[in-house]
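The structure appears right after this line, and notes come after that.
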Amino acid sequence: MTTPRPTQASRSQAVLLWGGFGACLAGIALHRAWSAIAFPRVFEHLVLALLALGAARLLQRALRWPLATVLAATWLAASLAYLGPLPLAAASLLAGAAIALGSFILPGPVALPLGLGLVAAGSGWWLSFPLHHRATDAIACLALVAWRHDAVAGALRLAWRSFDASARAAPRSAAAAMLLLGLAATSAWLPTMQADDVGYHLGLAWELQATGRYAMAAAHHAWAVAPWAGDVLHGIVQLLAGREARGALNLAWLAIAAGALHATAGALGASDARRWWSVALMASLPLSLHLLAGMQTELPASALLVVLAWLVLHSDLPVARRGMAIALVYGGLWALKPLHGLAALPMLGWAAWRHRHALGAASGLLLALVAALAGGASYAHAWWRTGNPVLPLLNGWFRSPAFPPTDFTDPRWHAGIGIDLPWRLTFETPRYLEGFAGGAGFVLVALAGAWWLALREPRTRALAIVATLALVASALPMQYARYLHPSLVLLLPALVAAYPPGAAARTALWALCALQLAFATNADWMLRTGALKRVLAHPLDDAPLFERYVPERLIARTLRERDDPRPVLVVAGRVGALPELGPRARTTSWYAPALEQAAGIATADPSGQAWARLLRANDIGHVVVDDAHATVALRNGLRLASAGEVARVADATAWRLPENAGP
């Protein structure tokens with residue numbers, strides 16, 4: 001029997017594929033990217049992988065389930081141990097309520113992201129009213145689940161059957177993908193310590209827990225009325241759990257993203273194995289691990305973008321319901337961040353073109369209204385309260401008095417856009433991220449050939465074009481790697497569907513996943529400095545990590561327990577603010593321009609009298625100071641104000657001022 005000769009098409013595919021992998025290896029060598037690997041951290045993930053595999057193999061012998069299923073159960077059990085039962089129960093309850101709501105639009109697993117969008121939208125319009133309490137939210141969620149229990153149970157059964165069938169159809173690929181998903185999920189076990197989370201995102205959740213409402217005090221924090229859908233959902237889960245539950249909700253978003261990738265790759269005609277490839281590639285991206293460790297919007301945006309692609313591709317869905325779902329998801333992307341809505345515009349254009357014959361003027365206006373209601377709450381509140389719907393962005397145009405009349409931007413991330421951006425993003429990552437080489441992953445270079453094939457192949461061309469345009473749109477305002485992550489995830493189903501066949505090609509793809517996992521900590525300073533190791537050593541105890549990384553959070557915990565309604569001032573240093581103190585939080589960072597300017601003037605007076613006057617004028621009850629940033633003027637001001645030290649953790653100190661403090 002003769003071996004068939006490779007065709008011209010297969011030879012060109014091979015050249016494109018291996019050319020991309022060759023370029024990736026050349027880039028690693030040329031830029032010495034291998035020297036940026038944090039080798040102790042690599043071994044942490046390796047040990048975790050071996051432990052998970054060992055436990056799964058033992059369970060598999062007893063249960064006789066597919067290895068992928070047993071791995072999923074193993075990772076879930078580990079998450080229960082390191083996140084605690086209450087956060088996971090709270091996230092599960094919210095998920096059940098979301099399925100109950102979303103199933104009114106479309107039944108099945110897609111009801112979950114639709115329902116989360118409805119919950120975020122509905123809650124967003126009523127944030128300023130004192131309606132958000134643990135008991136009321138729990139009763140509402142339980143009532144929805146009880147009312148729609150058939151729809152919830154049906155969605156769960158369908159998701160399980162789909163997962164089980166696909167895991168059995170491609171057992172090796174499914175097991176490898178679940179192993180990588182579980183390793184990514186370990187980042188969700190970390191407590192909340194990232195700067196933006198501690199300085200901003202936590203504020204909404206803690207205000208809801210403290211007062212039942214959100215004050216939207218833009219004078220105290222420039223981002224107080226920024227798009228808040230992600231934080232609203234974190235707030236609801238925190239209310240239900242009675243404690244921070246960021247990690248549990250992030251696991252839900254990870255599951256949605258994985259399921260949507262799997263389904264979208266299938267809609268493009270990919271085999272069962274290739275569907276799992278898209279999940280594995282997403283899970284191995286270093287930025288995926290980074291996003292699971294925080295509260296940034298790019299994690300839910302990644303999930304919603306792929307859900308949107310699935311909705312557009314499924315022409316067999318009822319037209320009216322599909323249109324409603326597309327409008328809701330698109331509005332949800334705006335509700336997360338304006339950039340996500342802009343990045344999804346090509347997808348919206350694709351949807352309009354595919355369904356142009358079924359879309360009349362009246363139905364188009366109705367869907368536009370749905371999208372506006374789903375995504376417009378924060379913009380409406382911001383416009384009403386400050387005069388700028390996107391505060392602090394574009395304030396040179398809107399000139400809100402809540403922020404200086406300039407267009408906010410971050411000059412660190414304006415390296416420029418060129419045809420070589422994928423290369424520079426991959427190997428010169430510190431120009432585009434607070435990280436190290438390889439922190440954005442290697443997909444854009446290693447799979448450049450598959451990218452070109454996806455653009456050429458009819459079944460993947462539309463999604464590949466849309467994802468490419470989304471990447472460009474995400475890079476235009478600011479060349480920041482995290483902002484490009486959702487569009488990169490959107491590209492993955494097209495890449496795996498167009499990926500050339502062959503055992504060597506399959507091996508190369510899994511080698512790429514392993515390579516990205518080796519660089520996993522290059523996108524996150526916490527993972528790179530051993531935070532995961534410390535979590536494993538102290539399950540359900542975040543104090544050791546806070547003491548090492550953000551001691552101000554332990555001080556904030558102490559101050560929350562004090563019966564003192566006066567404001568707490570955080571002098572900008574290691575952290576910009578501590579909004580977990582709720583409406584009492586004040587800061588001298590750029591988040592609050594008026595206080596920042598006043599603090600600058602006070603610091604110019606070494607006698608401390610200006611600082612003492614500032615504290616008295618703002619009725620400050622406590623001052624939290626990073627000792628390394630405590631100036632002579634501030635120390636003298638605290639002395640003149642008769643401040644007494646009440647708490648010290650590592651190099652952070654809290655000072656209490658008596659009533660009517662001042663000289």
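The values are calculated or read from the model by the stated rules, or taken from the named source; none is laboratory data. Just so you know, these numbers come straight off a predicted model, no measurement behind them. Please note: Cβ atoms are built from the backbone with ideal geometry, for glycine as well, and neighbour counts cover all protein chains shown. These area figures cover heavy atoms from the full protein model, side chains too; ligands, DNA and RNA do not enter into them. Shrake-Rupley method; radii C 1.70, N 1.55, O 1.52, S 1.80 Å.
Each residue in region 342-386 was checked for being within 23 Å of ALA120 (Cα to Cα) and not in a helix (DSSP H, G or I), and 2 of them qualify.
Kindly indicate whether ALA462 is in contact with a Leu (Cβ under 8 Å, 6 or more places away or on another chain) and either buried (at least 18 other Cβ atoms within 10 Å of the Cβ) or not small (Gly, Ala, Ser) (or both). It is false that ALA462 is in contact with a Leu (Cβ under 8 Å, 6 or more places away or on another chain) and either buried (at least 18 other Cβ atoms within 10 Å of the Cβ) or not small (Gly, Ala, Ser) (or both).
If I go through region 124-144 residue by residue, how many of them are in a helix (DSSP H, G or I) and in contact (Cβ under 8 Å) with a residue 12 or more places away in the chain?
Residues flagged as in a helix (DSSP H, G or I) and in contact (Cβ under 8 Å) with a residue 12 or more places away in the chain within region 124-144 amount to 9.
Restricting region 636-663 to residues that are more than 25 Å from PRO565 (Cβ to Cβ) and surrounded by 17 or more Cβ atoms within 10 Å (Cβ to Cβ) leaves a set whose member that is modelled with the lowest pLDDT is ALA650.
Checking each residue in region 510-542 for being touching a helix residue (DSSP H, G or I) at 6+ places or on another chain (Cβ under 8 Å), open to solvent by 50 Å² or more (accessible area, probe 1.4 Å) and within 14 Å of VAL443 (Cβ to Cβ) picks out TRP510, ALA514.
Please determine whether any residue of region 302-316 is of a type in the set (Asp, Glu) and modelled with pLDDT under 95. Checking region 302-316: at least one residue is of a type in the set (Asp, Glu) and modelled with pLDDT under 95.
Residue count for region 402-456 under the criterion of being assigned to a loop (DSSP other than H, G, I, E, B), without any contact (Cβ under 8 Å) to a residue 12 or more places away in the chain and open to solvent by less than 50 Å² (accessible area, probe 1.4 Å): the result is 1. For region 368-390, the set of residues classified as out of contact with any Ser or Thr (no Cβ under 6 Å at 6 or more places or on another chain) and open to solvent by less than 40 Å² (accessible area, probe 1.4 Å) consists of VAL370, ALA371, ALA374, GLY375, GLY376, ALA377, SER378, TYR379, HIS381, ALA382, PRO389, VAL390, listed by residue number. Could you list all residues from region 234-259 that are in a helix (DSSP H, G or I), within 21 Å of PHE129 (Cα to Cα) and out of contact with any Pro (no Cβ under 8 Å at 6 or more places or on another chain)? Result: HIS234, GLY235, ILE236, GLN238, LEU239, LEU240. Candidates are the residues of region 544-578 that are farther than 25 Å from THR603 by Cβ and more than 25 Å from the chain's Cα centre (by Cα); the one that is surrounded by the fewest Cβ atoms within 10 Å (Cβ to Cβ) is ASP563.
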